[in-house]
Every structure is written in structure tokens, then in C-alpha cells.
Amino acid sequence: MIVKIRKWRIEDAADLASVLSNKKVQDNLRDGLPYPYREQDGKEFILAMLSADENGTFAFAITVNEKVIGSIGAFRQTNIHSKTAELGYYIAEEYWGKGIMTEAVKQLCSYVFSNSDMIRIYAEPFAYNIGSQRVLEKAGFQYEGTLRRNAVKNGKVLDMKMYALIREE
């Protein structure tokens with residue numbers, strides 16, 4: 001399998017809708033996404049990513065053998081955190097546990113550090129999402145602590161884990 005990240009294309013909307021119409025995928029993401037996720041929702045997201053400031057939004061499709069199977073992005077923070085980016089990602093359930101996301105995270109982080117002034121990329125997976133934590137660890141992120149009772153998802157109060165990757169000096 002050849003894993004690559006690439007810029008979004010409007011024709012990716014149908015594949016994106018297919019991935020995000022899975023409740024198991026959405027259960028690991030922040031709220032705000034429609035469910036079920038329609039192709040039109042995907043087009044709107046892709047247009048927003050393509051028109052975003054390229055110095056603050058690093059958004060890519062994740063592909064395997066040229067097929068879009070997910071999304072990955074790093075988003076510049078503000079104020080005193082302006083050289084820090086938050087990482088977010090997801091892939092279709094049938095691709096979980098195959099090392100694909102680890103490879104995509106490595107590619108994204110390499111791109112961000114090579115093409116911006118970012119010094120830190122962080123992610124905050126839900127504490128129950130062991131798979132996501134393993135992705136981050138295998139991609140070189142360090143566990144920095146537990147954010148206790150930090151989120152409410154599906155009516156449950158949840159802990160989150162803080163992971164970060166620091167630019168090599």
C-alpha cells in the first residue's frame with residue numbers, strides 16, 4: 001500500500017462523505033460534523049480547506065493507492081501559541097490498525113516543519129482512543145499528560161491525552 005497525503009480536490013467529496021458517515025469514525029472526533037455526512041458537506045469542507053490561509057491551515061486528503069480514505073490537518077493556534085499547531089485526523093474504519101495513519105502523521109509533520117515556522121504540533125485524543133495514542137507514539141510524539149474531565153462527547157464527560165512533537169533544533 002502506498003500512503004500519501006495530498007491537497008484536497010473537489011471530486012474527493014464523495015469519498016469523504018463515505019468515511020464520515022460511519023458513526024464509529026465520528027465518535028472519535030470533535031462535535032460539529034453533520035451525521036450522516038453528505039457529499040455536499042464534503043464539498044463545503046474541501047472548498048473551505050482550499051481557500052484557507054496556507055500559512056495557518058495545513059489540510060490534506062489521506063490516500064492509499066490514490067483512493068481518498070481520510071483527512072489530516074494541522075491548524076495554527078493564536079496569540080502566544082502562534083508557532084504551535086493542533087493536529088487532527090481520521091481514516092475509514094476498514095483501514096484502522098494497518099499503520100496508515102502513522103505514516104500520514106509523519107508526512108504531515110514533516111511537511112509542516114519544513115514549510116512553516118511551527119515549533120510544536122500537538123494532538124489531544126480521547127483517553128479511550130488507544131489506537132490514536134499509538135499512532136502518535138509511533139510517529140514520535142511524546143505523551144505530556146492527561147487532561148482530566150476535559151470534554152463532553154455523546155453525553156459522557158471524558159479525559160483526553162496530550163501528545164506533542166517538537167521541531168528538531
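The values are calculated or read from the model by the stated rules, or taken from the named source; none is laboratory data. This one's a predicted model, so the numbers in the text were calculated from it and none came from an experiment. When we count neighbours, we look across all protein chains shown, and the Cβ atoms used for this are built from the backbone with ideal geometry, even at glycine. Remember, those area values only see protein heavy atoms, side chains included, never the ligands or the DNA or RNA. Shrake-Rupley method; radii C 1.70, N 1.55, O 1.52, S 1.80 Å.
Using the structure shown, select from Lys43/Lys156; Lys24/Lys156; Lys106/Lys156; Lys7/Lys153; Lys43/Lys83; Lys24/Lys98 the pairs with a Cα to Cα distance greater than 25 angstrom.
In this structure, Lys43/Lys156; Lys106/Lys156; Lys7/Lys153; Lys43/Lys83 lie more than 25 Å apart at Cα.
If you roll a 1.4 Å probe over the chain with all protein chains in place, what percent of the accessible area is carbon or sulfur?
In the chain, the share of accessible area belonging to carbon and sulfur is 50 percent.
What whole-number distance in Å separates the alpha-carbon centres of region 93-114 and region 115-140?
For region 93-114 versus region 115-140, the Cα centre distance is 10 Å.
Compute the Cα gyration tensor for region 116-169, then decide on rounded, prolate or oblate, letting a ≥ b ≥ c be the square roots of its eigenvalues: rounded whenever a/c is under 1.5, prolate when a/b is larger than b/c in the other cases, and oblate in all that remain.
prolate
Mean separation of Cα pairs under 8 Å and 6+ residues apart, divided by the residue count of the chain: what relative contact order is that in percent?
The value is 20 percent.
Starting from the exponent 0.38 and prefactor 2.2 Å, build the expected Rg for region 1-134 from its residue count and divide its actual Cα Rg by it.
The reported ratio for this selection is 1.00.
Among Pro125, Gln77, Thr102, whose Cα lies farthest out toward the positive end of the dipole of the chain, if unit charges sit on the beta carbon of Lys, Arg (+1) and Asp, Glu (-1)?
Pro125
Leaving out ligands and nucleic acids, note down the accessible area per residue over the chain with a 1.4 angstrom probe, in whole Å².
54 Å²
Relative to the Cα centre, what is the charge dipole magnitude of the chain, using +1 at the beta carbon of each Lys and Arg, -1 at the beta carbon of each Asp and Glu, and rounding to the nearest 20 debye?
360 debye
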